[in-house]
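Note sheet for the following structure.
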Amino acid sequence: MNKGAFRDVYRKLYSAFGPQHWWPGDTQFEVIVGAILTQNTAWTNVEKAIGNLKKALALRSPSAMMRLPTRKLAELIRPAGYYNIKAKRLKNFLSFLELGYGASLKALGRLDTRELRYELLGVNGIGPETCDSILLYAFGRPVFVVDAYTKRVFSRHGFFDEDLGYAEVQSIFMKNLRRETAVFNEYHALIVRLAKEFCRTRPKCGSCPLKANP
């Protein structure tokens, strides 16, 4: 598959859907919290949890959230599902940030992308997809985020096998696209939009934007 094919997909999706304005969040910290909360749940549920956190003033700063008892934090994020597990994951990240970087996202952001990715992956509960979402959307690093939607869409169109590993799929995208944060951001959001509306478990292939003529 040549590089032009990946760019053609992007062009068709952008033409069909326009800019997605993703990731929604008022602050860098809110984006990070959202990335952790969205694991295994729909974004609509995360929005409810974020709303609760805002009302409790827990998103003012990492330190403000850190001061919340874990049980209280879990109750606030209940709409996001797996709330006890996710509360612990948030606390793990906050402890990491506090102990290693004085609770400062600015200090954490001084690391180069490779170091930052290594550090984030060392936090219990942050896997590759969550880590790369944080890198791309919160820190503006040119790292392509891979999810189940990415594998579904591109395997169905013959770009690679769906059972290919995360790192392998990510490598394919990063080799075939210019490393531009804005493009990686928009591309991932467009893939999600396509998968939700057309490339479902039972796909709507007849009206799929990728079936349209160039």
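Where a number appears in this text, it was derived from the coordinates with a stated rule and is not lab data. Predicted model only: the values in this text are computed from it and were never measured. Please note: Cβ atoms are built from the backbone with ideal geometry, for glycine as well, and neighbour counts cover all protein chains shown.
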Work out how far the C-alpha atoms of the range 133-214 reach from end to end along every principal axis, then list the three figures in whole Å, largest first.
37, 23, 23
Choose one of L210, L94, P79: the residue whose Cα lies farthest towards the positive end of the charge dipole of the chain (beta-carbon charges +1 Lys, Arg; -1 Asp, Glu; about the Cα centre).
P79
Quick check on packing: order 166-179, 66-79, 33-46 by the mean number of other C-beta atoms within 10 Å, highest mean leading.
33-46, 66-79, 166-179
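Once whole DSSP H runs in the chain are found, which of them have Cα atoms spread over 20 Å or more along the helix axis and a mean Kyte-Doolittle score of at least 0.0?
Working: long enough: 3-17 (22 Å, -0.46); 83-101 (26 Å, -0.18); 181-197 (24 Å, 0.27).
Length and hydropathy pass: 181-197.
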Label zone at N2, where the point sits 7 Å out along the Cα-to-Cβ direction: the range 148-162 residues whose backbone N lies under 20 Å:
157-160
Suppose each label sits 7 Å from its Cα in the direction of the beta carbon; what would the N124-A64 distance come out to in nanometres?
2.7
At a Förster radius of 35 Å, what calculated FRET efficiency corresponds to the Cβ-Cβ distance of K88 and E168, to the nearest 0.05?
0.70
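Order these peptides, 108-121, 129-142, 48-61, by their mean beta-carbon neighbour count within 10 angstrom, highest first. Let's see the in-between values first.
Numbers: 108-121: 14.6, 129-142: 21.2, 48-61: 16.9.
By packing density, highest mean first, the sequence is 129-142, 48-61, 108-121.
Quick one: plug the Kirkwood hydrodynamic radius of the chain (C-alpha pairs) into Stokes-Einstein at 25 °C, 0.890 mPa s, and report D in µm²/s. Present the calculation step by step, with values, prior to reporting the outcome.
Working: Rh = 18.2 Å.
This corresponds to a translational diffusion coefficient of 135 µm²/s.
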Estimated distance in nm for a label pair at D26 and S207, the labels positioned 7 Å out from Cα along Cα-to-Cβ
3.6
Which value, in debye to the nearest 20, describes the size of the charge dipole of the chain about its Cα centre when Lys and Arg Cβ atoms bear +1, Asp and Glu Cβ atoms bear -1, and nothing else is charged?
460
Given the DSSP H assignment, sum -39500 (n - 2.57) over each helix run of at least 4 residues in the chain and divide by its residue total; what's the result at 222 nm in deg cm²/dmol, nearest 500?
-17500 deg cm²/dmol
Spin-label model distance (nm) - R200 vs T113, 7 Å beyond Cα toward Cβ
3.5
Can you work out D for the range 8-104 in µm² s⁻¹ from Stokes-Einstein, where Rh is the Kirkwood radius over C-alpha pairs, the temperature is 20 °C and the viscosity is 1.002 mPa s?
150
Starting from the Kirkwood radius over alpha-carbon pairs of the range 58-182, derive D by Stokes-Einstein at 20 °C in a medium of 1.002 mPa s and give it in µm² s⁻¹.
133
